[in-house]
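One structure is given below, encoded as C-alpha cells.
The values are calculated or read from the model by the stated rules, or taken from the named source; none is laboratory data. Please read all numbers here as calculations on a predicted model, not as lab measurements. Glycine gets a Cβ as well: all are built from the backbone with ideal geometry, and neighbour counts include every protein chain shown. We work out accessible area using only protein heavy atoms, side chains counted, and drop any ligands, DNA or RNA first. Shrake-Rupley method; radii C 1.70, N 1.55, O 1.52, S 1.80 Å.
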Amino acid sequence: MDHGAAAIEETEMAGLSSQEATLRLRAEGPNELPAAKKRNLGRQSWDVIREPMLLLLLGAGVINFLLSEPLDGGILMFFVVVVIVISIYQENKTENALTALREMSSPRALVVRDGRRLRIAGHNVVRGDVLLLAEGDRVPADAVLLRGANMSVDESALTGESVPVRKSAATNGAATASMGRPGGDATPWLFSGTLVVKGHGVALTKHTGIETELGHIGTALSMIETVQTPLQQKIHRLVWIIAGLSLFAASVVVVAFGVTRGHWLEGFLAGIGTAMATLPEELPVVLTVFLALGAWRMSQKNVLARRSPVIETLGSATAICVDKTGTLTMNSMTIRDLILENSTFKLDGSALPEAYHELAEYAVLSSPIDPFDPMDRAFRGLSDHQLIGTAHRHEDWALVREYPLAEDLLALSHVWKSSALDHYVIAAKGAPEAIANLCDMDSAQLSRLMKQVEEATSGGERVLAVAKASFSQNDLLPSTPFGFKFEYLGLAGLHDPVRAGVADAVAECNRAGVRVIMVTGDYPGTALAIAREIGLTSGTDCLTGNELEQMSEDDLALRVQTVNVFARMVPQQKLQLVQALKRNGEVVAMTGDGVNDAPALRAADIGIAMGARGTDVAREAAALVITDDDFSSIVGGIRQGRGIYDNLRKAMSYILAVHISIFAMSLIPVFVGSWPLVLLPVQIAFLQLIIDPSLSFVFESEPIDPGIMDQKPRGFNEPLFSRRALTISGVQGLVVLAAVLAVYLWTVLGGRPHEIVRSMTFTTLMVGNLSLIVVNRSQRLPIWQLFRVRRNRNLKWILAGAIVVLSALINVPILRQAFGFGPMSLWEWAITLIAGLISVAWFEAYKYRRLH
C-alpha cells in the first residue's frame, strides 16, 4: 500500500486529537474572516452626545454657565456623563447579546476528533480536521475530498456560476497537493462558504480563516442580519415628528417667557426644558434594547431568533406547520415488527426466528456502515442483538457502490462484494412504494403490500420495505438501481415515541388560538395515530401530498381550513400548504430541516429551522432556529415572543403617560409671569435618570404574564398601540397631570415660597411617575396580586434608589439649593405622597372591575 494513502486513511479514521486541535487553533487563529472593528469608548461617547436629548442638556449647561450658575451647569454636565455611561452600558449589553446570537447561528461543522464524531462551531475548525459533509451543509473551510458519494457543490458564491459542480475523491497525489481553483467538474477541491447540494463525503481541511479562497477574496458572510424592523422604522418617524413639534413648543416658550418676564436667556433655558420634556427619545432605545435582549433571553430557552422582526411576528402566529419526526417525536427509532408476506414477528426481546433472518440481514446491508440516522442505527442494533453468531453478518464484505435516495425514488441501495462469491449482492430499503417499483410488482402484489402497510401504520409505526438482488461481477454496474432485478423480502415497522410535554404544548396552542398542523412523510395511519396521541385531532381527516397536488388553489384553501394532518408530504408540497394557509389569512410558522425546505421556510411568515438535525441552508432561510428540535420549545418561543411584545407595549404606554405630565408642567407655568417654573433642564434630566433605567431594568425583565397564552393572537397589522391602549395611556398621563397641577396650584395660591412650590410639585410628579411604573407592570392584575405572583427583582432597586435620591434632594442643603428646592414638612410630604398615589388609584379600580 502507498504510504501517503495509508496516512490519509489513518487520519480519516481518527481525525486530530483534541489537544492537537487546540494547539492549532491557538497558533493559527479561528476559522473566520476579520470582523468589523469594534467602536472604541470615544466613538461610542461621541455617538451618544449627538443624540438630541444630550445636545439639549449640553446647551442648558452652557446657558447656566453664562447665567453665572456654575452649580446648575455642573450638575447638568454631571447628568450628561451619567447618561453617556448608561447609554454605553445599554449598547454594550445589547451588542454582547447580539454577539452571542451570532455565535450560536454561525455555520456548524461535523468533524472527527479522537476517533469520534463531534459537531463544533465553524470557527473552531482547524487545518487537518476531518470533515463529514452531507447534503445541505456549508463547507466550513477549504478542504480536499477524500471519499464521497454522488457529491455536487454550489460554488456560485465564488465563481458566480449557478450550476452545481460535481466532486470526485482525490487520488493519493492530489490529496497532499496544493489547493486548486474553484469551478470545474470532477475536482476534489472544496471551498469555504460553498454549499453541498447533493450527496455526502469525507474531506480533509487544508486552509482556514483568511487563508481560504473566500478569505483571499475578502468576502464576509454575516449570519445574523442587523435590520430595522417595521416597528422601529415607524417609531423613528414618530420621534422625528415629535422632535419638530417640540422645537415649535420650545420656540413658543422662549417667546412667551421673554415677553412675560423679560429674561430672554432664561427663556432659552425654559425652552430647552420644554423640548427635553416633549422629546420621547427613549422610544428607539427601548425598541433596540427590548428586541436584542429579548432575542438573547429566547436563546436561553433553545429558541434562536436570527432576525429581530420575528419577535414582532410571533405574537400574531395563528398556525404552526410542524414536522412529526424529531420534533413531535423523539427521532429515536426502535424496530417493533418484522413483517413477511404471511406472518409478523414482534420484537419483544426474544430470539429472532430463522425465517426473519434474511429480512434483517438485508435491512442491515442497506444501511450505512457507521450509521448516523436513527432508523439506520436501529437496524444496526438489530444485527448486534439478533444476528450475532449467524451467517447473516458480513463484517468482511466490501461496499462497492451506493445508490442514494433520490426525489423520484425514495429508496437506498448498496452494492456489496465478497471474496467468497462470484457476484455482487445488492440490498435495498426505503418507502414501500419505491421498493414495489424496484421489484416491478403487479397491481395484486402492490395491493397486498399496501394493506400490510396500512395495518402497521395504523398503530403509529413507520414502515420501510426491504429487497435484495444479485449482479454479475463481470458486468458494468448500472447507472440506477432499476438495472437490478430485485426480489421483495418484507417490511420493518419502526416506532418513534412522542416527546414528553408535546401533548401539553398542543393544548397550550389550542388555548392561545394557534392551530397545530402536522406535516409528515409517513403514511396517514402513522400520522393519525401520533395525532391522536398528542391530542391534535379526534377525527380521521387527513390529506396526502398527492391529494394536495391535484387540488385547485381555491379547493386547497378551503380544505386546509379544517385539516390538521398532512401525510406523505415532500418539501415542495410544504410550499403549497404555506401558500394556501396564507391565502386564508393565517399567519404561518413552518418548520423544516432539509435543503428543499428552504422555499417553504422563506414563504412562511415565521420560518423555523431545526438546530440539531437541520441543514445550514434551512437555518439560513429561517427566522427562528430551535436548538433542541423540540416542539415544546417552539411553543415556548411563541410564549416568549408574546411576552417580549407585551412588555414592550407596557414600556411604550409608560413613556407616553409620563411625558404628558412632564411636558404640561414644563409649559403651563410659563404663561403666568408670577408663577414659578417647576421643571428646568436640571429637574427634567433627573427625571430621565429615573425613566431610562425603569424601562431597561424593570419592564424589560418583567416576568411573562401567565395568562399570555390564554389570549388570541394579535392581528398581523395591528399597531403597537390599540385605541384602548392609547386611551389608557392618555388618561393615566392626564390624571397624574391633574394631581400634580392641583398640588402646584394649591401651593402657589396658598402663597408658599417658590422653592417649596417646586419641591412639592416635583415630589408629587416623582411619586406619580414611580406609581405608573408599578401599575403598568400589568394591565390585568391588581398590584397586590402582582407582588404576590410575579416578582421583579429589579423593581425594588429602582423604587428604593429613586426614593433615597429624592429624599436627599429635598433634605440635603447643598443638593436642595442646587435643584432650587425648599425643605418640606411631614404634612407636605404626606400631601405629595397621597396626591401621587391617588393619581393612579383609578387604574387599579379599573383592573379590579375588569377582573371580576
(message) Quick check: with the 1.4 Å probe, what order do Met450, Met298, Met824 take by accessible area, largest first?
(response) Met450, Met824, Met298
(request) Give the ranking of Leu745, Leu293 by solvent-accessible surface, highest area first, calculated with a 1.4 Å probe. (result) Leu745, Leu293
(message) Given Cβ point charges of +1 (Lys, Arg) and -1 (Asp, Glu) and nothing else, what value in debye, to the nearest 20, does the dipole of region 733-852 about its Cα centre take?
(response) 740
(message) Going by average Cβ density within 10 Å per residue, which order do the peptides 113-119, 843-849 take, highest to lowest?
(response) 843-849, 113-119
(request) For Leu146, enumerate residues with amide H under 5 Å from its amide H, sequence gap 5+ or separate chain, H modeled in the peptide plane. (result) Ala170, Val202, Ala203, Leu204
(request) Grab the other residues whose beta carbon is less than 13 angstrom from that of Glu461, score K and R as +1, D and E as -1, and report the net. (result) -2
(request) May I ask you to order 478-488, 832-842 by the average number of other C-beta atoms within 10 Å around their residues, highest value first? (result) 832-842, 478-488
(request) Considering Cα pairs under 8 angstrom that are at least six residues apart, work out the relative contact order of region 340-440 and quote it in whole percent. (result) 22
(request) Kindly report, to the nearest 10 Å², the accessible surface of Met179 as traced by a 1.4 Å probe over protein heavy atoms only. (result) 40
(message) Suppose every Lys and Arg Cβ carries +1 and every Asp and Glu Cβ carries -1, with no other charges. What dipole size does region 299-418 come out with about its Cα centre, to the nearest 20 debye?
(response) 580
(request) Determine which residues of region 394-418 fall in the zone a paramagnetic label at Asp440 would reach in this model, i.e. backbone nitrogen under 11 Å from the point 7 Å along Cα→Cβ. (result) none
(message) Keeping all protein chains in place and using 1.4 angstrom, which order do Trp397, Trp296, Trp264 fall into by accessible surface area, from largest down?
(response) Trp264, Trp296, Trp397
(message) Calculate log10 I(q)/I(0) of region 380-461 for q = 0.10, 0.15, 0.16, 0.21 Å⁻¹, where I(q) comes from the Debye formula with a single equal point scatterer on each Cα and nothing for solvent.
(response) -0.36, -0.78, -0.87, -1.11
(message) Let me cross-check Asp337: its accessible surface, 1.4 Å probe, with only protein heavy atoms counted, in Å² to the nearest 10?
(response) 10
(request) Report the charge-dipole magnitude of region 622-727 in Debye, nearest 20, computed about the Cα centre from +1 at each Lys and Arg Cβ and -1 at each Asp and Glu Cβ. (result) 540
(request) Please give the direction-averaged projected area of the C-alpha convex hull for region 766-834, in square nanometres with one decimal. (result) 5.4
(request) Find the centroid of the Cα atoms in region 788-822 and in region 377-439, then give the distance between the two in whole Å. (result) 76
(request) For the pairs Lys167/Lys206; Lys198/Lys582; Lys582/Lys712; Lys198/Lys324; Lys417/Lys468, note any where the Cα-Cα span goes beyond 20 Å. (result) Lys198/Lys582; Lys198/Lys324
(request) Tabulate in residue order the Karplus-calculated ³J(HN,Hα) for region 784-792, using 6.51 cos²θ - 1.76 cosθ + 1.60 with θ = phi - 60°, rounded to whole Hz; enter x for Gly and Pro. (result) 5, 6, 4, 5, 8, 9, 9, 8, 10
